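Take a look at the structure set out below.
The values are calculated or read from the model by the stated rules, or taken from the named source; none is laboratory data. Everything quoted here is computed from the prediction, not taken from an experiment. Every residue, glycine among them, receives a Cβ derived from its backbone with ideal geometry; neighbour counts consider all protein chains shown. Just the protein is used for accessible areas: all its heavy atoms, side chains included, with ligands, DNA and RNA removed. Shrake-Rupley method; radii C 1.70, N 1.55, O 1.52, S 1.80 Å.
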Amino acid sequence: MSQSVSEHSSSSRMDEDAIGWMYDKITGEEDARVCKDIPDSACRHQPRNFFGYLAGNTFSKIADELSSARLILPWLFAALGAPMALVGFLVPIREAGVLMPQLLVAALVRSRPKRKGVWMLGAVLSAGALVAMAVVALMLEGVAAGVCLLVLLVVYSVARGLCSVAAKDVLGKTVSKTRRGTLMGYSSGVSGVLVFGLGLGLMAWPELKQNAALLGVFLAIAAMCWGAGLLGFAWIREQAGSTEGGGNAFSVALSQLTLLRSDLSFRRFVWARALLLSLALAPPYYVVLVQQQGGSWLGLGVLLMLSGLAASCSGPLWGRLSDRSSRWVMALAASGSAAAGLAVWLSTQFFGPEAVSPLLVASLYFLVMVCHGGVRLGRKAYLVDLANADNRAAYVAVSNTLIGGLMLLAGSVGVLGDLWGPATVLGVLGAVAILAVIQVLRLPEVE
């Protein structure tokens with residue numbers, strides 16, 4: 001018996017040594033392991049936690065792409081004959097549904113000394129909602145299918161909100177500063193490769209656009225990705241943390257809003273993030289421009305491939321840079337998006353619409369997707385590093401809730417597209433991105 005225990009212990013140490021070696025190679029560490037802003041008890045588990053979080057985050061990103069409200073679900077609505085009026089609710093529900101409830105969800109997170117269980121609950125609910133969507137794709141059609149899918153999307157979005165709040169808190173407790181950006185960069189890169197492959201698939205099988213059953217398979221695979229992510233997150237060894245801030249969700253939510261008045265650095269960050277919405281709103285208008293310019297060879301599959309290529313190529317680079325200065329990552333990314341949007345607008349103003357060729361627009365679309373990835377990664381790393389163990393969940397919840405509401409309002413910028421065309425919208429969004437750069441540079445360094 002003692003020999004068996006000894007052999008098991010030896011095997012476990014060998015596994016930990018192998019994980020530590022892989023971690024050191026990926027992060028560039030050699031002798032001294034960096035353990036900034038995490039408990040000493042978590043330091044020795046950091047390699048294991050790094051890979052556990054990497055698996056959970058990567059598979060959740062893949063699941064999001066396979067159930068995209070900007071791509072897969074609209075196609076599914078069309079294949080099922082759901083009314084076009086319902087399609088317009090997909091992206092607002094998907095984005096705001098994740099962000100806006102988080103102010104209340106944060107109280108649940110804070111009431112638990114270990115928060116990875118909240119993420120795992122969100123993963124289970126997300127997988128269940130996607131399985132139900134796949135069943136709807138097989139069983140229903142028309143209005144009934146559309147309404148059921150929207151209701152399930154609400155469930156999925158709120159579940160993703162649970163994961164979002166808990167994930168950042170667990171990351172801050174288990175992975176050191178100067179390593180979080182690298183982790184998220186690798187996650188973006190791996191998931192980007194998958195999106196690139198999805199784009200190839202859409203080019204090879206255009207019948208996906210009409211086949212609801214095959215699109216339902218996408219949703220079922222996305223549910224399995226959540227299952228794989230759940231296994232990764234379960235592998236994390238999280239230390240118990242403070243539970244201050246738990247309790248009645250509504251009263252805690254109201255008290256957390258006072259952070260905007262009392263915390264100058266956080267208030268400036270929220271303003272910067274609001275202005276950075278200009279990057280999130282821009283990509284669809286590049287797609288419209290490609291369609292208007294007659295770039296039929298630049299189909300949806302090619303643009304999706306460019307999205308995946310942008311994430312896989314730029315994610316690790318943005319991650320490394322954000323470990324040095326996530327503030328400058330946000331500023332550089334916003335500058336690139338501003339330059340692209342203003343270039344499109346100025347070209348149409350001085351040389352006419354024909355000056356903006358489909359190839360040029362596709363190239364700028366690729367640049368904007370690279371920049372969008374940089375802003376997303378930079379702001380996440382900045383917020384985690386700006387906060388501490390006591391206020392991190394509150395920071396995430398307050399900022400996400402406010403940005404979710406602003407996103408619903410900012411969607412009205414599409415009215416400008418109907419009045420003056422997509423190039424004007426891109427010019428306006430480019431100008432807002434310049435304001436975002438100015439605001440970001442006012443933020444303090446946190447690394």
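Entry comment: accessible area of region 125-198 is 30 Å² per residue, from protein heavy atoms only and a probe of 1.4 Å.
Given their separation in residues at 0.36 nm each and the Cα-Cα distance between them, Arg324 and Ala78 gain 84.0 nm when the chain is fully extended.
Computed over protein heavy atoms with a 1.4 Å probe, the accessible surface of region 356-407 works out to 27 Å² per residue. A Förster radius of 41 Å combined with the Cβ-Cβ distance from Ala234 to Ala431 puts the calculated FRET efficiency at roughly 0.35.
Placing a pseudo-label 7 Å from each Cα along the Cα-to-Cβ vector at Ser265 and Ser335 gives an inter-label distance of 2.3 nm.
In the assembled protein chains, Met100 presents an accessible area of approximately 80 Å² (probe radius 1.4 Å).
Solvent-accessible surface of protein heavy atoms, probed at 1.4 angstrom with all chains present, puts Phe218, Phe350 in the order Phe350, Phe218, largest first. Residues in region 159-167 carry Karplus couplings, in order, of 4, 5, x, 4, 5, 5, 5, 5, 4 Hz; the curve used is 6.51 cos²θ - 1.76 cosθ + 1.60 with θ = phi - 60°, and Gly or Pro positions show x. Using the Cβ-Cβ distance between Ile221 and Asp390 with R0 set to 30 Å, the FRET efficiency works out to roughly 0.15. Karplus-derived 3J(HN,Hα) values for region 339-353, using 6.51 cos²θ - 1.76 cosθ + 1.60 with θ = phi - 60°, are 4, 5, x, 5, 5, 5, 5, 5, 4, 5, 6, 9, 10, x, x Hz; glycine and proline are entered as x.
Multiplying the residue separation of Val147 and Glu445 by 0.36 nm and subtracting their alpha-carbon distance yields 102.7 nm. When Ile434, Ile93 are compared by accessible area of protein heavy atoms, the largest-first order is Ile434, Ile93, using a 1.4 Å probe.
What the Cβ-Cβ distance of Val135 and Leu257 gives, at R0 = 45 Å and to the nearest 0.05, is a FRET efficiency of 0.70.
For region 265-282 versus region 323-361, the inter-centroid distance based on Cα atoms is 18 Å. The accessible surface of region 317-428, taken with every protein chain in place and a 1.4 Å probe, is 69 percent carbon and sulfur.
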